[in-house]
Amino acid sequence: MAAAEARGAWCVPCLVSLDTLQELCRKEKLTCKSIGITKRNLNNYEVEYLCDYKVVKDMEYYLVKWKGWPDSTNTWEPLQNLKCPLLLQQFSNDKHIYLSQVKKGKAITLKNNSKALKPAIAEYIVKKAKQRIALQRWQDELNRRKNHKGMIFVENTVDLEGPPSDFCYINEYKPTPGISLVNEATFGCSCSDCFFEKCCPAEAGVLLAYNKSQQIKIPPGTPIYECNSRCQCGPDCPNRIVQKGTQYSLCIFRTSNGCGWGVKTLVKIKRMSFVMEYVGEVITSEEAERRGQLYDNKGITYLFDLDYESDEFTVDAARYGNVSHFVNHSCDPNLQVFNVFIDNLDTRLPRIALFSTRTINAGEELTFDYQMKGSGDISSDSVDYSPAKKRVRTVCKCGAVTCRGYLN
């Protein structure tokens, strides 16, 4: 399994339940971090989460799920024995959230004068606890896979949705069979200071894209040519921005407006700054048309046409992608698309970089225009509505004053 993950391959899901795996491991005295059994809790008990609550003879009890132990070993423990203030607080918060949603929930008085939660409340609390654990594991996986400085966080305070079941985090384009990505430049600069000398952009006939503050200074539609692996300049070169990856800590969060997952920044981002790349599978335009029909019927949009100079290829971030997979559309976005060339100088296959159009404050959601193709033209005239490409229209929920009404 570890070797498969290292190669980025898809893993076959295990059909055995977590409880069964935990029981088998404990029987054989085996540890397995991925299912919660470590040397620390192999013979000891550690509270994983709290499942239920009751009061018996004026004593408070919680039903405890022990970490790395199956549900069959859950036990009722008196409050005074529990040393897990965070889990107790989460239990209380989840209970109040459920009660506020249903606007009812008085404790049930049993015949033996004990009190207990309604089953529906306890069921919600357990689901929320399991979701919290699943999202934490997903967050850890994302940060193991990413190769950039910025950390990735995951948050869902809206519903019980867990991690996506069919998504693999990647850091660069993944070509489909039959498509070759040349990842080695044939020449590079020999500048001692790329900011002042005739560097890679000048050789390509364009201006250097950045100012001394690492902000983009060229208009949308102008390509970015960064220094590459053949260049003699070092990693601190002012013309190496996109290739360093996301520098900001970002949070994948569940939106409350029905747009599913979204991405927000946890730190302030200056205007005209590089934020992230859009990566995914590189497919032919013909394959994109086929997949587009399927995605439109599901109401999802992950296709990005690489039409800088031709329309031969498309990036599909539906199954393989990075943080950009979760960035929502807006007709009034705070991110702008730019085409970037670094090691691969094939103009049919630019890298797609997203830069901030204005100052973006911490906690603000990141968005870009799904109809933006790197040319800066986001008018309705830029969209092809020919019969050959006529598809099911996906309603836009961005809420912008200038909203066009549809994503496609």
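Only the coordinates and a few stated rules stand behind these numbers; no lab work does. Since the model is a prediction, treat every value here as computed from it, not as a measurement. Counting neighbours? That spans all protein chains shown, and the Cβs are built from the backbone with ideal geometry, glycine included.
Odds and ends about this structure:
- Result for the chain in a Gaussian network model with C-alpha springs under 10 Å: among 288, 318, 134, the largest mean-square fluctuation is at 134.
- Mean separation of Cα pairs under 8 Å and 6 or more residues apart, divided by the residue count, gives the chain a relative contact order of 13 percent.
- Take each peptide in 123-133, 83-93, count the other Cβ atoms within 10 Å of every residue, and average; sorted highest first, the result is 123-133, 83-93.
- Relative to its Kirkwood radius, the Cα radius of gyration of the chain gives an Rg/Rh of 1.05.
- Length available on full extension from residue 180 to residue 80: 0.36 nm per residue minus the Cα-Cα distance, which gives 29.7 nm.
- By average C-beta atoms within 10 angstrom, highest first, the peptides 216-227, 395-406, 138-149: 216-227, 138-149, 395-406
- At 0.692 mPa s and 37 °C, Stokes D of segment 135-249 from Kirkwood alpha-carbon radius, µm² per second: 191
- Rounded to the nearest 20 debye, the dipole size of segment 157-251 about its Cα centre is 360 debye, using +1 on the Cβ of Lys and Arg and -1 on the Cβ of Asp and Glu.
- Candidate cross-link partners of residue 54 among the aspartates and glutamates, defined by an alpha-carbon separation under 20 Å and a same-chain spacing of 8 or more, comprise 71, 77, 94, 123.
- Potential extension, residue 358-residue 43 segment - 0.36 nm per residue separation minus Cα distance: 107.9 nm
- From its DSSP helices (H runs of at least four residues, each -39,500 (n - 2.57)), the chain gives a residue-normalised ellipticity at 222 nm of -6000 deg cm²/dmol.
- Prolate/oblate/rounded label for segment 251-321 (Cα gyration tensor, a/c 1.5): oblate
- Relative to the globular-protein estimate of 2.2 N^0.38 Å, the Cα radius of gyration of segment 44-138 stands at 1.08.
- Listed residue pairs exceeding 24 Å between alpha carbons, taken from 127/174; 57/118; 33/146; 128/270; 95/146: 127/174; 128/270; 95/146
- The mean sequence separation of alpha-carbon pairs under 8 Å and at least six residues apart, normalised by the residue count of segment 44-138, gives a relative contact order of 29 percent.
- Linear extension gain, residue 257 paired with residue 158, 0.36 nm per residue minus alpha-carbon span: 34.7 nm
- P(r) histogram, all alpha-carbon pairs of segment 151-389 included - 5 Å bins from 0, percent: 1, 6, 13, 18, 19, 17, 13, 8, 3, 1, 0
- Once the Cβ-Cβ distance of residue 102 and residue 214 is raised to the sixth power relative to R0 = 56 Å, the FRET efficiency obtained is 0.65.
- For segment 198-241: rounded, prolate or oblate by the Cα gyration tensor [a/c cutoff 1.5]: oblate
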